[in-house]
Amino acid sequence: MATLLVTGGAGFIGGNFVLQVVADGFTVVNLDKLTYAGNLDTLQTLNGNPRHRFVHGDIGDRALVTKLLAEHAPDAVVNFAAESHVDRSIDGPAAFIETNVVGTLALLESVRDWWKARDDAARDRFRFLHVSTDEVYGSLGEAGKFTEATPYAPNSPYSASKAASDHLVRAFHHTYGLPVLTTNCSNNYGPYQFPEKLIPLIIARALVAEKLPVYGDGRNVRDWLFVEDHCRAIRRVLEAGRVGETYNVGGDAERENIQVVKTVCALLDERRPLADGRERETLIEFVKDRPGHDRRYAIDASKIQRELGWKPSVDFETGIARTVDWYLANQEWVQRVLDGSYRMERLGQA
């Protein structure tokens, strides 16, 4: 696949994906609305690269999407475009419905109409890959993992909007024959993540010795996936995934939130000790839990491992150390992101 239309390619996962595939010789048309979490600084190294064209626009702009499809005839569309933070969805769910549901529908309709007009070979070659989340499955108890057959049970406005978009993608395959693929991933972490999410938020606050808020008792469990591994999984699904199928992508790294926070504190204490000699764990402060906070997520990624030969290559200890080192080395990027629209305040208290 030589040419990709990537939506949301200035965001965290999308930006990492674009950097990875352009470095490997792909041509990318990168469509991003540049909301608060979209950041062109992430793509700085691609300035002037003829294999990367950035387009500022919305997946809901059918005329623009149709124009880009006609001009570039991509071999695949990879849809990262989404509002993605649970806390923000609690404060303002309408934006999540607008982008994740209405926007995805508009994108699907534009792609379907363009794809139907292609010749047989081009239609057979084309793929539409939709990137989703494990949060659509709801919450687990102490045992068990999400599989691709787990019934959807979203509990937040964010996960409900992503569940709706997943269903639309499935429907466009079964109704219109559009060759779709869906991936549902666990919690990503790594370079270029917007600092409202747990790991970069804790790094940013701990560096300046601010209180480190941990929801509830800190025992909520997530499966952590290094973003570069996730990008490699998406590429593998594009290459060899079965049309119409869903693939769960996980890092096989379940951790309680409090464990993650303490690990970040220890890594920063080693690399950048506080002037007064305090350990950063002393900054941890348990705060009122998020409304409707899911207790545990865990991904069974055996299908993608069995069928496509992908498995995570970066364990949590290695990935979190690389992540902390990246943020320490890229404080200018962080400060430019913290432009006044977000100042590490708490969101989503309903």
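Just so it is clear, none of the values below were taken in a lab; they were calculated from the coordinates. Quantities reported herein were computed from a predicted structural model and do not represent experimental measurements. Backbone-built Cβ (ideal geometry, glycine too); neighbour counts: all protein chains shown.
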Original post:
So which residues in the stretch 69-94 are within 17 Å of the chain's Cα centre (by Cα), outside any loop (DSSP other than H, G, I, E, B) and not hydroxyl-bearing (Ser, Thr, Tyr)?
Top reply: Val77, Val78, Asn79, Val86, Asp87, Arg88
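Is it the case, given these coordinates, that Arg255 is surrounded by 14 or more Cβ atoms within 10 Å (Cβ to Cβ) and in a strand (DSSP E or B)?
In short, yes.
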**OP:** Output the number of the condition that Val102 fails; it satisfies all remaining conditions of (1) without any contact (Cβ under 8 Å) to a residue 60 or more places away in the chain; (2) β-branched (Val, Ile, Thr); (3) within 14 Å of Val180 (Cβ to Cβ).
**Re:** (3)
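Every residue, every condition in (1) surrounded by fewer than 19 Cβ atoms within 10 Å (Cβ to Cβ); (2) closer than 29 Å to Ile320 by Cβ; (3) out of contact with any Pro (no Cβ under 6 Å at 6 or more places or on another chain), yes or no:
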{"site": "Asp120", "(1), (2), (3)": "yes, no, yes"}
{"site": "Val131", "(1), (2), (3)": "no, yes, yes"}
{"site": "Glu135", "(1), (2), (3)": "no, yes, yes"}
{"site": "Glu148", "(1), (2), (3)": "yes, yes, yes"}
{"site": "Pro151", "(1), (2), (3)": "yes, no, yes"}
{"site": "Val180", "(1), (2), (3)": "no, no, yes"}
{"site": "Asn220", "(1), (2), (3)": "no, yes, yes"}
{"site": "His230", "(1), (2), (3)": "no, yes, yes"}
**OP:** Identify the single condition in (1) out of contact with any His (no Cβ under 7 Å at 6 or more places or on another chain); (2) over 26 Å from Asn184 (Cα atoms) that Gly8 does not satisfy, given that it satisfies every other one.
**Re:** (2)
**OP:** Could you identify the single residue in Asp75, Asp58 that is buried (at least 20 other Cβ atoms within 10 Å of the Cβ), acidic (Asp, Glu), over 23 Å from Asn155 (Cβ atoms) and touching a helix residue (DSSP H, G or I) at 6+ places or on another chain (Cβ under 8 Å)?
**Re:** Asp58
**OP:** Among what's in the stretch 1-53 and is of a type in the set (Ser, Thr, Tyr) and either assigned to a helix (DSSP H, G or I) or under 17 Å from the mean Cα position of the chain (by Cα) (or both), pick the residue that is surrounded by the fewest Cβ atoms within 10 Å (Cβ to Cβ).
**Re:** Thr45
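Rundown of residues vs (1) of a type in the set (A, V, I, L, M); (2) free of Cβ contacts under 8 Å to residues at least 24 places away in the same chain; (3) closer than 25 Å to Arg271 by Cα; (4) part of a helix (DSSP H, G or I), yes/no style:
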site	(1), (2), (3), (4)
Gln193	no, no, yes, no
Leu201	yes, no, yes, yes
Asp223	no, no, no, no
Glu228	no, no, yes, yes
Cys231	no, no, no, yes
Val237	yes, no, no, yes
Gly244	no, no, no, no
Asn248	no, no, no, no
Gly251	no, no, no, no
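Every residue, every condition in (1) in contact with a Lys or Arg (Cβ under 9 Å, 6 or more places away or on another chain); (2) basic (Lys, Arg); (3) closer than 14 Å to Leu5 by Cβ; (4) in a loop (DSSP other than H, G, I, E, B), yes or no:
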{"site": "Glu98", "(1), (2), (3), (4)": "no, no, no, no"}
{"site": "Glu109", "(1), (2), (3), (4)": "yes, no, no, no"}
{"site": "Ala121", "(1), (2), (3), (4)": "no, no, no, no"}
{"site": "Ser132", "(1), (2), (3), (4)": "yes, no, no, no"}
{"site": "Val136", "(1), (2), (3), (4)": "yes, no, no, no"}
{"site": "Glu148", "(1), (2), (3), (4)": "yes, no, no, yes"}
{"site": "Ala153", "(1), (2), (3), (4)": "no, no, no, yes"}
Original post:
Which pairs have Cβ atoms under 6 Å, sit 6 or more apart or on different chains, and link a residue in the stretch 48-64 that is closer than 23 Å to Gly103 by Cα to one that is of a type outside the set (A, V, I, L, M, F, W, C) and assigned to a loop (DSSP other than H, G, I, E, B)?
Top reply: Asp58/Lys33; Leu64/Gly57
**OP:** Give the residues of the stretch 85-98 that are farther than 15 Å from Arg290 by Cβ and surrounded by 22 or more Cβ atoms within 10 Å (Cβ to Cβ), sorted by residue number.
**Re:** Phe96
Original post:
Of the residues that make up the stretch 226-234, is at least one within 18 Å of Asp300 (Cα to Cα) and among the acidic types (Asp, Glu)?
Top reply: yes
